[in-house]
Amino acid sequence: MENPSDYFNGWIKTQQQAYAALQSQMQSLYPNTTAVSDNPLSSWSKAVFEAFPVGADANLAKDVFSKSLYSNEAMQKLFEMWQPLLSAMREKTLEPADFSQYTDTAQSKQLFDKMFSFDTELWTQIQKQAAQFSDLARQNSQPWAESLKNPSLNFADYQPDAMVKQMEALNAKFGDSAGKLFGMPALGKDREKIEQMNRFAKAMSSYASRNLDYQKMMQQTGSDAMQSVVKTLAEKSASGEKFEKFDDFFALWIDTNEKTFNKLFYTEEFSQKRNAMTAAGFNTRKLYQEIIESQLVELPIARRSEMDEVYKLVYDLRKQVKILNAQVQELKKEQL
Amino acid sequence: MNNPFANMDAKSAMKYFGEMNSKMMKGATLLTDVEEIDVGTAPKTLVYTEDKLAVYHYASDAKNACGIPVLVVYALVNRPYMLDIQPDRSFIRNLLSQGLDVYIIDWGYPSGADRYLSMDDYINGYLNNCVDAVCRDAASDKVSLMGVCQGGTFSAIYSALHPEKVHSLVTLVAPFDFSTDEGLLFNWSKSMDVDALVDAYGVVPGNLMNDGFLMMMPFNLNIKKYVDMLDVMEDEDKLLNFLRMEKWIFDSPGQAGECLRQFVKDCYQANKLVQGTLQLGDKTVDLGKITMPILNIYGSGDHIVPPAATKPLNDLVSSTDKTLYEFKGGHIGVFVGARSQKELAPAISQWLIERDAPKAAKKPAKPVKAPVAKPVEAAKPAVKAAKPVEAAKPVEAAKPVEVAKPVEAAKPATDSKP
């Protein structure tokens with residue numbers, strides 16, 4: 001390296017190469033997606049280096065920086081770079097295994113060595129650790145990423161049952177893998193708040209799962225009711241019966257639905273699922289209130305838990321006053 | 001294969017929608033003219049207040065045929081003006097016209113400050129004070145309790161704990177045996193996590209309770225009712241009937257958490273009342289301590305408090321004078337149906353009058369008192385205890401035959417609330 005400008009020129013050039021490599025890799029993974037035409041750094045680096053000839057004034061540099069930093073060109077380019085991945089997700093061709101190429105230790109090392117022009121043992125060690133972490137993250141995400149590839153799921157056909165199963169599977173897999181992060185004991189001065197948030201996240205997850213279960217049951221019953229209506233219509237059709245007016249059909253629809261749902265409402269399954277769902281909802285609400293309270297603790301306002309203490313005190317005092325008042329009345333009567 | 005919709009041709013459909021449009025236009029005009037939905041219009045005076053509750057005394061022009069005042073104890077979950085929903089469908093006015101001296105408790109709307117009120121507070125505290133206040137106001141040493149739904153349960157509990165203050169007990173569509181699985185509320189409550197509910201809310205919002213009631217007949221109460229409303233929109237009287245009922249249905253006080261917690265746990269889930277193990281404060285409730293005459297009324301078509309939950313009371317009390325009255329109707333039809341006005345209210349009045357005793361002297365009713373709390377002033381009756389008529393006969397013909405229509409014309413979701 002003869003002088004600093006050579007270093008920076010080399011650095012920019014290496015980054016351009018790195019970007020081109022990433023782009024090429026993405027294109028090789030998803031060849032049918034839109035090609036990216038330009039390097040996001042080129043316009044920025046061009047603007048910067050053109051702005052720094054010998055003796056360039058500060059205002060010009062400021063102007064160029066402003067333009068380059070506030071330009072959305074770089075963001076646009078970044079979007080274009082990720083577009084193949086987004087397209088793959090949308091088209092359901094995403095393969096978690098593909099990402100191993102991005103975390104290949106040797107490739108990464110080579111790339112970063114080139115980008116930053118250093119190659120030390122420490123950096124190698126950091127890279128190994130990063131790669132291990134990446135592997136761990138992939139292992140964690142693999143189960144729930146796999147659960148999304150359930151062939152029975154078809155959102156386009158709107159299959160409620162498949163959707164529910166899919167969500168349940170995702171929830172379970174997530175809880176067994178990456179979701180474990182939410183159960184980690186928190187550290188530091190915000191430990192309480194973090195654990196509070198974790199409890200709330202778990203409660204939300206529990207409510208969502210139970211609500212899904214409940215909604216699935218209701219959806220199925222609604223579907224059964226509709227089938228009953230259709231069956232009745234078919235029977236009427238076969239026997240030559242006709243509706244004289246719309247009200248007759250409406251009455252049939254109401255009556256059939258009411259009876260079908262009433263039958264469900266009397267089952268133990270309904271009681272259990274509804275109560276599980278509502279109890280999870282109440283618990284979530286309670287934990288949410290606790291979070292809100294902890295956020296408001298610095299404000300000069302009475303919080304709900306504090307008001308409850310006051311209410312309890314008022315309640316106890318009110319009872320006590322009534323008892324004492326009764327005793328006073330008795331004493332007055334005795335005196336008379 | 002025939003088309004079942006074949007008769008619904010375009011011409012008749014257009015006619016149908018034209019008529020409906022005309023009704024809606026007229027109804028919209030009527031709705032914009034409604035300034036206030038008047039309910040509970042029978043004249044009454046305030047005789048006692050304590051915390052949020054108020055006791056009213058109804059004025060009557062009829063000749064007093066019953067010396068013992070009747071205290072109506074309504075449920076906590078709704079507003080008591082259901083009994084006086086409109087002048088021509090007023091259970092209260094009907095009782096007054098028969099010569100009864102009627103008082104009513106309005107429990108009010110609990111706020112956060114009331115979340116710790118327990119069943120003990122409501123029954124041994126408030127209800128007991130209300131009874132004392134009515135005794136003072138009517139110059140009587142006893143009252144007849146008329147408990148409605150949950151208010152009936154409370155009245156029976158009170159009568160068991162304070163039999164010396166209750167002359168006779170009338171219960172209307174009130175639950176006592178909660179072990180039945182005939183009603184949806186009874187089914188759902190058995191596995192309900194009431195701790196989670198009360199801990200989350202403190203005072204449980206009335207709207208939350210309403211959601212549960214509406215779930216019992218979701219299509220009729222959430223859809224059909226409003227479609228049917230279109231049929232009565234052009235008729236001012238019917239529209240106002242509908243609006244009054246609608247106002248009542250959604251005028252729902254919150255529930256004091258601790259009271260609700262105990263009511264659900266001890267009654268709906270553990271059925272302690274009929275087992276004789278219900279504990280209020282330091283007292284155990286023994287329905288066998290009820291010795292006064294009782295009239296227990298149930299609705300044969302009641303899906304909120306099924307007959308199986310109501311009828312067992314008569315087997316649990318020690319009263320020798322006890323009547324079980326079957327009303328052919330639903331939970332709300334008991335109070336607002338045409339048959340109720342024509343038969344039930346007169347039958348209750350007659351039953352009470354037959355068991356009444358003439359009083360030696362009855363003070364004239366006091367004028368309105370200042371609305372200040374008078375919790376436990378010692379009631380010293382000016383008149384000695386009125387002796388109940390011996391061996392009074394139960395009301396005959398207590399079983400109407402036809403099904404009573406709860407609400408005429410508009411059919412505004414009558415049986416959606418306890």
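Modelled label positions at B:L31 and B:D315, each set 7 Å beyond Cα in the direction of Cβ, lie 5.0 nm from each other. What separates the Cα centres of region B:156-173 and region B:288-356 is a distance of 13 Å. In this structure, the residue pairs whose Cα-Cα separation is over 25 Å, taken from A:K216/B:K190; B:K142/B:K328; A:K333/B:K63; B:K322/B:K342; A:K245/B:K225; A:K193/A:K286, are B:K142/B:K328; A:K333/B:K63.
Here region B:1-100 is described by how far its Cα atoms reach on the three principal axes: 70, 34, 29 Å, from widest to narrowest. Look at A:V321, B:V173 and count the other Cβ atoms within 10 Å of each Cβ; fewest to most, that gives A:V321, B:V173. For A:Q16 and A:Q139, a Förster radius of 51 Å and the Cβ-Cβ distance give a FRET efficiency of 0.95, rounded to the nearest 0.05. With only Cα atoms counted, region B:134-235 has Rg and Dmax values of 19.2, 53 Å.
Across region B:157-174, computed HN-Hα scalar couplings (Karplus, 6.51 cos²θ - 1.76 cosθ + 1.60, θ = phi - 60°) run 4, 4, 5, 6, 8, 10, x, 5, 9, 10, 7, 8, 10, 10, 10, 10, 6, 9 Hz from first to last residue, x flagging Gly and Pro. What the phi angles of region B:43-58 give under the Karplus curve with 6.51, -1.76 and 1.60, with θ = phi - 60°, is a coupling list of x, 8, 10, 7, 10, 7, 9, 7, 6, 9, 8, 9, 10, 10, 10, 7 Hz, glycine and proline written as x. The distance between label points at A:E168 and B:S111 comes to 4.7 nm (points 7 Å beyond Cα on the Cα→Cβ vector).
Calculate the translational D of region B:86-139 in whole µm² s⁻¹ from Stokes-Einstein, where the hydrodynamic radius comes from the Kirkwood formula applied to all Cα pairs, the temperature is 37 °C and the viscosity 0.692 mPa s. Diffusion coefficient, whole number: 243 µm²/s.
Computed about the Cα centre, the dipole magnitude for region A:196-301 is approximately 340 debye when only Lys and Arg (+1) and Asp and Glu (-1) carry charge, each at its Cβ. Scalar couplings 3J(HN,Hα) for region B:342-356, obtained by applying the Karplus form with A = 6.51, B = -1.76, C = 1.60 to θ = phi - 60°, are 7, 10, 5, 4, x, 5, 5, 4, 4, 4, 5, 5, 4, 9, 7 Hz; x denotes Gly and Pro.
For region B:28-45 versus region B:119-147, the spacing of their alpha-carbon centroids is 31 Å. Calculate log10 I(q)/I(0) of region A:196-301 for q = 0.14, 0.22 Å⁻¹, where I(q) comes from the Debye formula with a single equal point scatterer on each Cα and nothing for solvent. For the requested q values the scattering log ratios are -0.71, -1.08.
Between amide H atoms placed 1.01 Å from N, distances below 5 Å from B:T323 occur with B:I294, B:L295, B:N296, all of them 5 or more places distant or on a separate chain.
Rounded to the nearest 0.05, what FRET efficiency is calculated for A:Q227 and B:S300 with R0 set to 25 Å and r the Cβ-Cβ distance?
Efficiency, from the Cβ-Cβ distance: 0.15.
Values in this text are rule-based calculations from the coordinates and carry no lab data. Bear in mind that the values here come from a model prediction, so they are computed numbers and not experimental data. Virtual Cβ from ideal backbone geometry, glycine too; neighbours counted across all protein chains shown.
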